[in-house]
Amino acid sequence: MARILVVDDQAQNLALIELYLRGTEFEVVTASSGRDALEVCLQQTFDMILLDVAMPGIDGLEVCRRLKNDPRTAFLPVIFLTGRLSDESEKVIAYQLGAVDYIQKPINRDELVARVRVMLRLEGARSRLDRENGALRRQLALATDAASAAEQTLSELQRLRRDQTAAPGPAVLVVDAELRTRHVDAAANALLGPLAVGDSLLLGGHAAARLGRLVADGARQADLALPLEGDATRVLHVAVRSLADGQSVVLIQDVTAVREAERRLADREAMPSVPALPADGRYHMTDFIGRSPAIATVSERVALLRQTRSTVLIHGESGTGKELVARALHFDGRNRSAPFIPLHCGAIAPELVESELFGHEKGSFTGAQQAYEGLFRAADGGTIFLDEIAETSPSVQVKLLRVLQRGEIRPVGSAQPRIVDVRILAATNRDLQQMVREGRFREDLYYRLEVVQLHLPPLRERLADLPLLVEHFLAVANRRHDRLDRPVRAVSRAAMERMLAHPWPGNVRELENAVEHAFALGVGDVLHEGDLPPNVRRSPIVGGDLEGLSVQESPAATDLRGQREAAERQAILAAMRDVAGDKAAAAALLGMSRSTFYRRWKELGL
């Protein structure tokens with residue numbers, strides 16, 4: 001029976017995996033921390049480790065690195081389990097450290113059992129090949145009392161290696177007391193350069209000479225760093241075994257990738273747990289654009305809440321950036337490496353929201369072909385963001401209340417509750433208190449959600465941020481539309497006045513769509529009033545004064561195209577006045593075709 005060590009700092013995850021593997025051919029042992037895992041691996045033997053990545057103290061990547069560097073556990077296969085989403089760099093580090101597989105949470109039972117079985121079969125085949133290689137090396141050690149016997153045994157080892165399909169092991173080199181080679185295999189030649197039997201290591205190339213000095217100094221094992229072209233370096237791990245007759249067997253392994261992974265892991269661990277503060281010493285929400293007093297107040301609240309696990313209700317009109325605030329609460333805090341899962345409650349059919357959140361058992365309803373753990377289980381240890389929570393049904397509200405009270409969920413069709421540790425962030429653009437009075441939202445759930453309430457002001461109440469937002473959206477659109485060689489570099493004063501006069505019922509999202517509208521219709525290098533959507537151009541300008549909003553006048557006044565368009569606009573308007581508004585007559589007066597006149601009339605925003 002294969003013995004499997006399961007390592008996770010969450011007790012419910014350990015219980016779940018034990019349940020999944022119960023009744024199979026596996027014996028399960030659990031550990032609740034990286035330190036416990038390292039200790040138990042030195043006391044007991046295992047056939048495989050299922051290892052969580054994110055754990056306090058010694059995390060999974062560090063556990064794997066230590067196991068792979070210890071000869072007693074170096075060949076123990078490791079499968080990583082992680083609740084983190086789409087972190088490809090971390091997956092690369094995991095494989096470079098020696099992991100055999102990487103499974104994303106939430107875990108499917110059938111997939112887990114199948115992957116464990118496959119990896120154990122592969123490990124069994126590799127172990128058989130290692131035992132054969134070990135036996136051959138033991139034969140080599142016994143035969144090194146005579147050079148001819150050593151060469152014959154090593155030749156047999158090479159022949160058998162060529163017949164095996166496994167990856168080659170360490171390069172093998174045999175030297176005598178004077179550091180003359182008694183045998184050199186092809187792998188050693190590839191790593192050290194050409195060496196013939198009888199050559200002195202000290203008289204060989206740079207790599208061979210450095211290896212010779214290591215052996216002469218009596219080193220048992222060491223890393224040998226060899227410079228390559230440019231700044232690249234190859235790292236060889238050297239292990240030396242001395243024999244009774246003064247000869248030595250030297251095993252050489254290229255560990256460049258492993259050392260690079262260790263360096264990247266060390267860099268990762270050295271990163272601060274939360275983003276550094278900017279030069280002014282004040283916290284600013286990540287990815288949130290705005291410096292107005294209203295946003296500064298929100299940012300100050302988020303600065304206090306991001307390090308806690310408190311429930312937060314975010315209120316604001318559609319398009320004000322509620323999800324950006326939720327992401328800042330999670331990713332700017334100490335638990336940013338844990339899962340963050342957003343769900344728009346109005347985007348899923350009401351009858352499916354309960355199953356999506358809490359999971360379901362196989363066969364619990366029509367179409368439930370297999371069990372599903374749900375988003376709360378996937379977010380365990382992290383944060384779930386419920387956008388537009390007012391859209392949830394009364395039955396879902398009852399279950400949400402139980403999660404907030406006791407951390408308890410019950411999958412659809414299950415008789416057994418399960419415990420989760422999830423921070424809930426909720427958002428709505430509706431008046432929940434009014435809904436409570438109307439009986440459409442549970443009062444007890446409302447007060448559980450409103451531990452702390454954050455109010456996001458609409459764009460019309462923070463117009464000082466509008467120029468910053470426009471600048472940001474122009475930069476984004478320039479990249480999206482491949483306009484880096486001919487970017488939209490400015491906004492005309494008339495266009496900015498029109499945008500500042502618009503009430504923006506869709507808030508920041510509507511502003512972003514207005515910029516996208518201009519790019520879709522081929523805006524030039526300056527965004528003019530005529531490039532804006534019709535509903536924005538119709539907004540009446542009150543006062544027309546931009547002072548006090550920190551808006552600098554666009555360079556459009558000195559722009560050649562801007563001067564030409566201004567002159568063309570004046571000429572068209574003058575012609576329309578002369579012909580009492582008859583567009584056909586104005587086109588004839590200007591010597592333009594009707595189609596050209598109508599096109600320019602639209603392009604110039606008339």
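Of the GluC sites (Glu not before Pro) found in segment 305-405, none is in coil by DSSP with at most 10 other Cβ atoms within 10 Å of its Cβ.
Scalar couplings 3J(HN,Hα) for segment 52-64, obtained by applying the Karplus form with A = 6.51, B = -1.76, C = 1.60 to θ = phi - 60°, are 5, 7, 8, 9, x, x, 8, 7, x, 5, 5, 4, 4 Hz; x denotes Gly and Pro. For segment 6-112, the list of chymotrypsin sites (Phe, Trp or Tyr not before Pro) that fall in a loop by DSSP and count at most 13 other C-beta atoms within 10 angstrom reads Phe75. When Val100, Val312 are arranged by Cβ crowding within 10 Å, least crowded first, meaning fewest neighbours, the order is Val100, Val312. Within the straight-line cut-off of under 20 Å between alpha carbons, the lysines reachable from Lys91 are Lys68, Lys105, sequence neighbours fewer than 8 places apart in one chain being disregarded. Restricting the trypsin sites (Lys or Arg not before Pro) of segment 52-125 to loop positions (DSSP other than H, G, I, E, B) with no more than 15 neighbouring Cβ atoms within 10 Å leaves Arg72.
Magnitude of the charge dipole for segment 1-115, about its Cα centre and with charges confined to Cβ atoms of Lys, Arg (+1) and Asp, Glu (-1), is about 160 debye. Using the Karplus relation 6.51 cos²θ - 1.76 cosθ + 1.60 with θ = phi - 60°, the per-residue 3J(HN,Hα) values for segment 282-290 come to 9, 6, 10, 4, 4, 6, 9, 9, x Hz, with x marking Gly and Pro.
Every number here is computed from the coordinates shown, using simple stated rules; none is lab data. What you are looking at is a predicted structure, and each value in this text was computed from that prediction instead of being measured. We place every Cβ from the backbone using ideal geometry, glycine too, and count neighbours over all the protein chains shown.
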